[in-house]
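Encoded as structure tokens, the structure appears first; notes follow it.
Derivation of every value follows stated rules applied to the coordinates shown; laboratory data play no part. Just so you know, these numbers come straight off a predicted model, no measurement behind them. Positions of Cβ are backbone-derived with ideal geometry, glycine not excepted, and every protein chain shown enters the neighbour counts.
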Amino acid sequence: MTTTPFDQDTLEPGPEPDGGPPADGDAGRARLAPPPRNPPRWVRWTVVPLLVLVPIGYVLISAEQSRDSGVTKQKEAALSHLELAVPTILQRQIYQLPFPDGTTGPGYLETNSWDTSALYVQFTTTSGGLDTFLAQVGSARNVLRGGKDAITAAQARTAGWDFLTGRTYVGISMHQAGDKPDRNIVVDLTDPDVPTVYAVSTVNFRHGFKG
């Protein structure tokens, strides 16, 4: 069949086949954009509770950790007293506090902070044991002076020492340069045959090796 020119002019274009170029304009882009999809119900029931419960869980965990930290600090404070034993060899070497042979009633406490560490010791010895101890720390009996002020009130409180009135105390404060510890020593000479030694050796990290 032959198509006349008139017929060709009146023919209307048919719909574009699938896969053809997209229509121009916003309408065409909107028609091609996929419609929004609602998440499945199981997703809503799983994700939404998690968004609510997870922050609550973090708050509860933080509160529990804070409470445990407080309890730990209370326990540490309760344990801040002299341990009735001789310090370890390493502690005695670091703090340069020897223990003479034959001591009785030994006790020690080590404290640490960001700039200082200290070892508190006490023991009862003999007259000869006292002389040996003083010689090992670089002192002597005739250098000791009267009173108990060589150990400060704060140090005495830390160790739980109560220097009673009516007793005979002598002591010495020994400052050492560089990285060597400072030592504060008080001796109870109420009974010269069985003197009791109280000593605090402090390592001050701020001094370093400059003294």
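If packing is taken as the average count of other Cβ atoms within 10 Å, what order do 193-202, 103-112, 122-131 fall into, highest mean first?
Numbers: 193-202: 21.1, 103-112: 15.9, 122-131: 18.6.
In decreasing order of mean packing, 193-202, 103-112, 122-131 become 193-202, 122-131, 103-112.
Where does the charge balance sit around Val187 when Lys and Arg score +1, Asp and Glu -1, over other residues with C-beta under 12 Å from its C-beta? Show your work: numbers first, answer last.
On the way: positive: Arg141, Arg145, Lys148, Arg167; negative: Asp131, Asp188, Asp191.
Charge balance in the 12 Å sphere: +1.
Just subtract the alpha-carbon distance of Arg145 and Thr168 from 0.36 nm times their residue separation and send over the number in nm, one decimal. Mind dumping the intermediate values first?
Details: separation 23, 0.36 × 23 = 8.28 nm, distance 1.08 nm.
7.2 nm is the gain from fully extending Arg145 to Thr168.
Amide H to amide H, which residues 5 or more places from Gln176 or on other chains are under 5 Å from it, using H placed in the peptide plane?
Answer set, sorted by chain and number: Asp182, Arg183.
Collect residues whose amide H, placed 1.01 Å from N in the peptide plane, falls under 5 Å from the amide H of Tyr169; neighbours closer than 5 in sequence don't count.
Counting only residues 5 or more places away or on other chains, the set is Gly147, Leu189.
Given a Förster distance of 35 Å, report the FRET efficiency between Thr116 and Val194 from their Cβ-Cβ distance, rounded to the nearest 0.05. Can you show the working numbers first?
Numbers: r = 32 Å, r/R0 = 0.92.
That pair, Thr116 with Val194, gives E of 0.65.
Per-residue HN-Hα couplings for segment 114-126, Karplus 6.51 cos²θ - 1.76 cosθ + 1.60 at θ = phi - 60°, whole Hz, x for Gly and Pro?
Each residue of segment 114-126 in turn: 5, 10, 9, 9, 9, 10, 9, 9, 8, 6, 10, 9, 9 Hz.
I need the P(r) histogram for segment 88-211: all alpha carbon pairs, bin width 10 Å from 0 out to the longest distance, whole percents.
It works out to 13, 48, 33, 6, 0, in whole percents.
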